[in-house]
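Undergrad: Sharing a structure with you now.
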Amino acid sequence: MKRSNEPVAWGLFGAGGMLLALVGPGLVVATGFLLPFAEPAAAFHAVDALIAHPLGKLLLLAAIALPLYHTVHRLHHGLQELHAPLPHGLVALLCYGSATVLTIASASWLLVR
Amino acid sequence: MTRKPYRAPQRWSWWLKNPAYRRYLLREATALPLFIYALVLVTGLYRYTQGQLAFTRWLEALQAPGWLVFHAVAVAACVLHAATWIELVPKLLVVPGISGRSIKRGHQVAALIGSALVLGAALVSWPLAGGAS
Amino acid sequence: MSDSIAIYVARYRPGQDEAPTEQRYDVPLSTDLSVLEALNYIKDELDPTLAYRWSCRMAICGSCGVMIDGEPRLGCKTFLREFADRGELHLRALDNFPVERDLIADVERFMDHLETVKPWTVHNSERPVSEGEYRQTPAELERYQQFSQCINCGLCYAACPQFGRDDSFLGPAALTLALRYNLDSRDDGSAGRMAALNADEGVWRCTFVGYCSEVCPKDVDPAQAVNRGKVASTINYGLNLLRLARGEHDT
């Protein structure tokens, strides 16, 4: 039997799932309901201050990348559950590929700052 | 005597007929709003890199009723995700000497504290503009 | 409570029926009658052509699993009184397996998967009897005891949509027994079983639906076992990467 590479996807899925379980509801309320109604200049500078610190960069990247990998993993398997008439490899490429592209883009934006 | 077993291939609608399967797919479906939420965060970071004006435009866009409704759905999905996730943690995390119930309780408390900390940090660092903008 | 209950049995007679169709039998109702005993009544008194499996009548042999009102359950462990208010219940052969005849599922695939994981204690070298028995502490027994309660009834396979979609998945009971022997201090076969666990058809087909554990008549919790198998397989994957980085062979 052939060794599966699923442990990589599953590890990222698990990390994202744990992050969303532990801080997700607070995070969504914060960025969805508080941030839009914050004083814009103060909000912008708060993000500045967060990103100024390497640990802040890392936290922000984790908050973006891990939920991406978590959710695409579930969507990928969910499409199979529903017998979506799409090639399995293509769905996997689109799901994990988009998460990876967005993670790399976010990381580069954070590093430039 | 020849055999002629009857085979019924699984249909796409297999999950409709059993409540356990419907609960399972509802749990998996939480990923859809949370995926869109992650895209919102990526957009926010991108708008931030374009400068303060672009970031302010993004904040204003999120005040639209449509996005507020979306975020309400996302909060509900995330709470359901957290509840179902923590329910399953004791099955993966088996520590000799600590009961599964204690491990579950520990994660529930950690989740409450975790979300409260994020909210607290947000309230401290983003002074609300009194609802006006 | 009325004095009889309508039991609808999905009948399939190979060569005669294209697909299973329900047949109604009225069985006298008593509070201590199990579904298996009701089937015996039907066979003895109403219709000798009905086919179903059974043996021990006490939830040990694992033969009498059927779908009862759409749920995989043991006929001997389910009582008619539960359905008395509705006055009817529906039986069919276990889901996700081919139907051989009436309530008899062809569980060959499940048996193949069991064999794949070598569910017995493997020893690198046999010890002579003179050296005594393989001893184990209560703590070592405790690690796997829950998983050794499996009676191979196949209810968890009937509950598993992944096995239903593609029966190459080793499935809940086989993966549970793999972990049961891997956790056994007397066993040396862990490396061999990991090859099966590490495959897509091993633990990685599982999406933690969890229904297998809900239907298990012996509280084995196969979902726990399969997902602990994922943790073990992930560690194994990492160790293998280290080996590959050192120029050693893939395992």
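The values are calculated or read from the model by the stated rules, or taken from the named source; none is laboratory data. Since the model is a prediction, treat every value here as computed from it, not as a measurement. Using ideal geometry, Cβ is built from the backbone for each residue, glycine included, and neighbour counts are taken over all protein chains shown. These area figures cover heavy atoms from the full protein model, side chains too; ligands, DNA and RNA do not enter into them. Shrake-Rupley method; radii C 1.70, N 1.55, O 1.52, S 1.80 Å.
Undergrad: As an exercise, find the ratio Rg/Rh for the range A:7-112 from alpha-carbon atoms, using the Kirkwood inverse-distance average for Rh. Please list the in-between numbers first.
TA: Numbers: Rg = 16.1 Å, Rh = 15.3 Å.
Taking Rg over the Kirkwood Rh, I get 1.05.
Undergrad: Which Cys residues of the protein assembly as shown have no other Cys beta carbon under 4.7 Å away?
TA: A:Cys95, B:Cys78, C:Cys64, C:Cys76, C:Cys150, C:Cys153, C:Cys160, C:Cys206, C:Cys216
Undergrad: What does the convex hull of the alpha-carbon atoms of the range C:4-105 project to on average, in nm²? Don't skip to the end; give the middle numbers.
TA: Numbers: hull surface 24.3 nm².
Averaging across all directions leaves 6.1 nm² for the Cα convex hull.
Undergrad: Same structure, new question: Could you give each residue of the range C:45-51 its phi-based ³J(HN,Hα) in whole Hz, using Karplus coefficients 6.51, -1.76, 1.60 with θ = phi - 60°, and x for Gly or Pro?
TA: Running phi through 6.51 cos²θ - 1.76 cosθ + 1.60 with θ = phi - 60° gives 10, 10, 8, x, 8, 5, 10 Hz.
Undergrad: Additional query: Please give, to one decimal in nm, the separation of the simple spin-label points placed at B:Leu80 and B:Val95, each 7 Å out from Cα toward the Cβ.
TA: Simple spin-label model gives 3.1 nm for this pair.
Undergrad: Mind giving me the FRET efficiency for A:Ala49 and B:Leu26? R0 is 30 Å, r the Cβ-Cβ distance, nearest 0.05 is fine. Each step should come with its number before you reach the end.
TA: On the way: r = 39 Å, r/R0 = 1.30.
Step by step, r from the Cβ atoms, then E = 0.15.
Undergrad: Just read off the accessible area of A:Met1 with the full protein assembly in place, 1.4 Å probe, to the nearest 10 Å².
TA: Using a 1.4 Å probe on the heavy atoms, I get roughly 120 Å².
Undergrad: Tell me the angle of helix C:222-245 to the major Cα principal axis of chain C, expressed in degrees between 0 and 90 and rounded to the nearest ten.
TA: With both axes taken from Cα atoms, the answer is about 30 degrees.
Undergrad: Before rounding to the nearest 500, sum -39500 (n - 2.57) across all DSSP H runs of length at least 4 in chain B and divide by the residue total; then give [θ] at 222 nm in deg cm²/dmol. List each step's numbers first, then the result.
TA: Working: 5 runs with 94 residues, N = 133.
So the calculated ellipticity at 222 nm is -24000 deg cm²/dmol.
Undergrad: Hull surface divided by four, with the convex hull built on the Cα atoms of chain C: how many nm²? Walk me through the numbers before you get to the answer.
TA: On the way: hull surface 70.3 nm².
If I average the Cα hull's projected area over directions, I get 17.6 nm².
Undergrad: Would you please classify the overall shape of the range C:156-233 from the alpha carbon gyration tensor, given that a ≥ b ≥ c denote the square roots of the eigenvalues, rounded means a/c under 1.5, and beyond that prolate means a/b larger than b/c while oblate covers the rest? Working shown, then result.
TA: Working: a/c = 2.15, a/b = 1.35, b/c = 1.59.
Verdict is oblate for the range C:156-233.
Undergrad: Would you check the accessible area of B:Lys4, probe 1.4 Å, heavy atoms only, in square angstrom rounded to 10?
TA: Surface accessible to solvent at B:Lys4 totals approximately 80 Å².
Undergrad: Also, I was wondering about something else. For peptide A:58-65, compute the average count of partner chain beta-carbon atoms within 10 Å of each residue's beta-carbon.
TA: 2
Undergrad: Within the range C:194-220, whose backbone N sits under 19 Å from a point 7 Å along Cα→Cβ of A:Gln80?
TA: Label zone hits: C:195-212.
Undergrad: Partner chain Cβ atoms within 10 Å, averaged over the residues of B:80-91 - can you pull that number for me? Let's see the in-between values first.
TA: On the way: counts 1, 9, 8, 2, 4, 8, 4, 1, 7, 3, 1, 10.
Counting Cβ atoms of other protein chains within 10 Å of each residue's Cβ and averaging gives 5.
Undergrad: Among the lysines, which fall within straight-line cross-link reach of C:Lys230, defined as a Cα-Cα distance under 24 Å, with same-chain neighbours fewer than 8 residues apart omitted?
TA: Of all the lysines, those that pass the test against C:Lys230 - Cα under 24 Å, at least 8 places apart if same chain - are A:Lys2, B:Lys91, B:Lys104, C:Lys118, C:Lys218.
Undergrad: Now a separate question. Give the long-range amide H neighbours of C:Val122: residues separated by 5 or more places, or on another chain, with amide H under 5 Å away, using H modelled in the peptide plane at 1.01 Å from N.
TA: Correct list: C:Asp188, C:Gly189.
Undergrad: Additional query: Heavy atoms only, probe 1.4 angstrom, no DNA, RNA or ligands counted: give me B:His81, A:His45 ranked by accessible area, highest first.
TA: A:His45, B:His81
Undergrad: Could you sort A:Val8, C:Val231, C:Val27 by their accessible area in this structure, using a 1.4 Å probe and putting the largest first? Show your work: numbers first, answer last.
TA: Values: A:Val8 75, C:Val231 55, C:Val27 0 Å².
Result of the area sort, largest leading: A:Val8, C:Val231, C:Val27.
Undergrad: Follow-up. For a test of the definition: using alpha carbon positions, the gyration tensor, and the 1.5 limit on a/c, classify chain B as rounded, prolate or oblate.
TA: On the way: a/c = 3.25, a/b = 1.63, b/c = 2.00.
It comes out oblate by the Cα gyration axes.
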